[in-house]
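Each value in this text was obtained by applying a stated rule to the coordinates, not by laboratory testing. Just so you know, these numbers come straight off a predicted model, no measurement behind them. No Cβ is skipped: glycine too gets one built from the backbone with ideal geometry, and neighbour counts run over all protein chains shown.
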Amino acid sequence: MSSTVTEKTTETTEPVYVPTAEAIGAILDPRARPPRPSALSASLTFGWRAILKIKHVPEQLFDVTAFPIMMTLMFTYLFGGALAGSTTEYLQFLLPGIMVQSVVMTTMYSGIAVNVDIAKGVFDRFKSLPIWRPAAMVGNLLGDVLRYVLASLVITVVGLILGFRPAGGVMGVAAGIGLLVVFSFAFSWIWTMCGLYLRSEKSVMGVSMLVLFPLTFLSNIFVDPSTMPGWLQAFVEINPITRLVAAVRGLMDGNPDMGELTWVFIATVALLAIFGPLTMRAYNRK
Amino acid sequence: MTDTAIETNGLVKVFGDNRAVDGLDLTVPAGAVFGVLGPNGAGKTTAVRMLATLLRPDGGTARVFGHDVMAEADTVRSLVGLTGQYASLDEDMTGRENLILIGRLLGFRHQAARTRAEELLEAFGLTPAGDRLVKNYSGGMRRRLDISATLMNTPRLLFLDEPTTGLDPRSRNQVWDIIRAVVSYGTTVLLTTQYLDEADQLAGRIAVIDHGKLIAEGTPGELKSSVGAGTVNVRLRDAAQRAEAEKILAGVLAAPVIPGPDPVRVTVRVPGHGTERGAAEDAAKALSALAASGIVIDDFSLGQPSLDEVFLALTDHPATPQEDAA
């Protein structure tokens, strides 16, 4: 409330602007046409925009801080005693998985952000600039990568406080987070594409929930799949999240599984190769 | 350097079964303000978005400074700037950050983008508001920031799509002054508007479009005379003489009186407008006839047809004024 009042006051006390031909002429400089920026530079500039927006609206970090903390606490204490005898014991198994779940769930915000963002006039300007076309999308996702890293670190810290002691040490945990973030960057393109095709942010949310819930719960995140009925095991086995969790667990355990790692890398490349171009097609048609 | 900024041939854009732009042929000379006038839904914005490479045409060709908007889209993008109907700004960033962002995306290095942003803020009277989030800007400030962002790399052709829609009169005048300044330094401006006085005030040439087609094109004066008639307005000292005055004027000018609410004011069309005899001669005859009959006139004026009349004549109601002229 008080901020609205201050704005009104500043508005009225500002001197009336009178445009002068000289002042406008002075900024019209035909030499002020630098060469177009590289793809990397344009993408990084959009990444800078994403970070600035986090700075101005820090509340948007709620989903990558509070949500992961809640998930970790909830499932550790809910299942710990029953599944592994003690919460500390269970945490060693759960933490890499819950980290994957939290971060992968966060990817849906990429799609929602794109859907909201693209509806605003500012995208008209971006599209009328002579820049590498995917830069705006890549830049947004670079900002999201920062959020994924943040979410992972929050969970690691919470885990360490609760008694998570990974055998892989700092390097193992860092490698696990790195793998998760790279995979999530590629995975986000699915939602970016949905964000461009679907009409409202609600529908983006609906669709992503519909995919993310079964994908993260019907996996090896919470329990060992060998306790499940056969048909469910079959699904869990082909679920890409299962492979990712296995790979991240391996890294954090100091026991990297090359098979799982290779699988995750192939999936990452495939996601980018399929959903990158589809996203750009939708972007260019908007 | 070519003298033609824009050339379109049979440009078409179809949305479903709506032919938003339907075979548009337009030639826009460089170095002046070219007005595109049309009612809501006439296809103005669609045409501009195609010319600014934001939409792909479904048919026909469009060239900007000789470059095809489809085959050479990136070249066209580097020559044009667009300020759309709705502010193309990032609401959640400050004015300064918005300008730096656009500067960086246009290839300015970090420090150069900052310097350029300061210059633009200063020229557009936005320096005091530079650190405020754009969502807290007034409509006029937004529009100025929007235009300044578009001028970041000094485009040769500036598209202004209804730049004063929704602005208060003071902000509108500021935008008009900015447009005049920009053109005086050699930038070509394509201005779409549904405000006739805006086109009249700013544009050297005007294209009138309706239902996605060009229906008239020329200088404001040419468009007005194509409608064929101006008006003579007289103000009587004595309202009681109105009936007699109306009879004399209608008789001398051989044209009907245009009814109006003011009891001492009589308005009659001058059919001579646009003919070789000229409107002034007709008006002079009418005034002497009034004087000869002892009718006292306190004030008189000779009016061109307004662009409103031109507009109506060319679009929805073509008959009325042209019948008068004939």
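Of all DSSP bridge pairs formed entirely within the protein assembly as shown, close to 65 percent run antiparallel. Mean partner shielding of peptide A:44-55, defined as the number of other chain Cβ atoms within 10 Å of each residue Cβ, is 4. Filter the chymotrypsin sites (Phe, Trp or Tyr not before Pro) in the range A:167-270 down to the DSSP loop ones having no more than 13 other Cβ atoms within 10 Å, then list what survives. Sites meeting the loop and neighbour criteria: none at all. Mean per-residue shielding of peptide B:180-187 is 5, counting Cβ atoms of other chains within 10 Å of each Cβ.
Could you give the distance between the Cα centres of the range A:125-202 and the range B:103-117, to the whole Å? Between the Cα centres of the range A:125-202 and the range B:103-117 lies a distance of 28 Å. If both residues of a DSSP beta bridge must be in chain B, then about 65% of such bridges are antiparallel.
By the helix-only formula, in which each DSSP H run with n ≥ 4 contributes -39500 (n - 2.57) and the sum is divided by residues, chain A has a 222 nm mean residue ellipticity of -26000 deg cm²/dmol. Phi-derived couplings, Karplus 6.51 cos²θ - 1.76 cosθ + 1.60 at θ = phi - 60°, listed residue by residue for the range A:163-171: x, 6, 10, x, 5, x, x, 4, 5 Hz, with x used for Gly and Pro. Against the main long axis of the alpha-carbon atoms of chain A, helix A:87-106 sits at an angle near 30°.
In this structure, the amide hydrogen of residue B:189, modeled 1.01 Å from its nitrogen in the peptide plane, lies closer than 5 angstrom to those of B:31, B:32, B:33, B:34, B:158, counting only residues at least 5 positions away or on a different chain. The helix-only estimate of mean residue ellipticity at 222 nm for chain B, built from DSSP H runs of length n ≥ 4 each weighted as -39500 (n - 2.57), is -11500 deg cm²/dmol after division by the residue total. By the equivalent-ellipsoid construction on the alpha carbon gyration tensor, chain A comes out with semi-axes of 42, 23, 18 Å, ordered largest to smallest. Amide hydrogen proximity for residue B:215: with H placed 1.01 Å from N in the peptide plane, the residues at 5 or more positions away or on another chain lying under 5 Å are B:208, B:209, B:210. Farthest toward the positive end of the dipole of the protein assembly as shown, out of B:129, A:140, B:243, is the Cα of A:140, where the dipole comes from beta carbon charges about the Cα centre. Taking every C-alpha pair closer than 8 Å and separated by at least 6 residues, the mean separation divided by the residue count of the range B:4-218 gives a relative contact order of 31 percent. Straight-line reach from residue B:44: taking Cα to Cα under 26 Å and skipping same-chain neighbours fewer than 8 places apart, the lysines in range are A:120, A:127, A:286, B:13, B:213, B:224.
Report, in degrees rounded to the nearest 10, the 0 to 90 angle that the Cα long axis of helix A:2-13 makes with the longest principal axis of chain A. Relative to chain A, helix A:2-13 is tipped by roughly 20 degrees. Bridges between two residues of the range B:41-197, per DSSP, are antiparallel at a rate of about 25%. Sequentially through the range A:24-31, phi angles give Karplus couplings (6.51, -1.76, 1.60; θ = phi - 60°) of 5, x, 5, 8, 8, 10, x, 7 Hz, Gly and Pro residues having no value and appearing as x.
Dipole check for the range B:189-236: with +1 at the C-beta of Lys and Arg, -1 at the C-beta of Asp and Glu, and the Cα centre as origin, the magnitude is about 140 Debye.
Remark: chain A carries a charge dipole of roughly 900 debye about the Cα centre, counting +1 on each Lys and Arg Cβ and -1 on each Asp and Glu Cβ. Among the residues of B:101-113, the average count of other protein chain beta-carbon atoms within 10 Å of the residue beta-carbon is 6.
For the peptides B:281-294, A:117-130, the ranking by mean Cβ contacts within 10 Å, running from highest to lowest, is A:117-130, B:281-294. Normalising the average separation of contacting C-alpha pairs (under 8 angstrom, six or more residues apart) by the number of residues puts the relative contact order of chain A at 23 percent.
Once backbone amide H atoms are built at 1.01 Å from N, residue A:222 has no partners under 5 Å, excluding neighbours fewer than 5 places away on the same chain.
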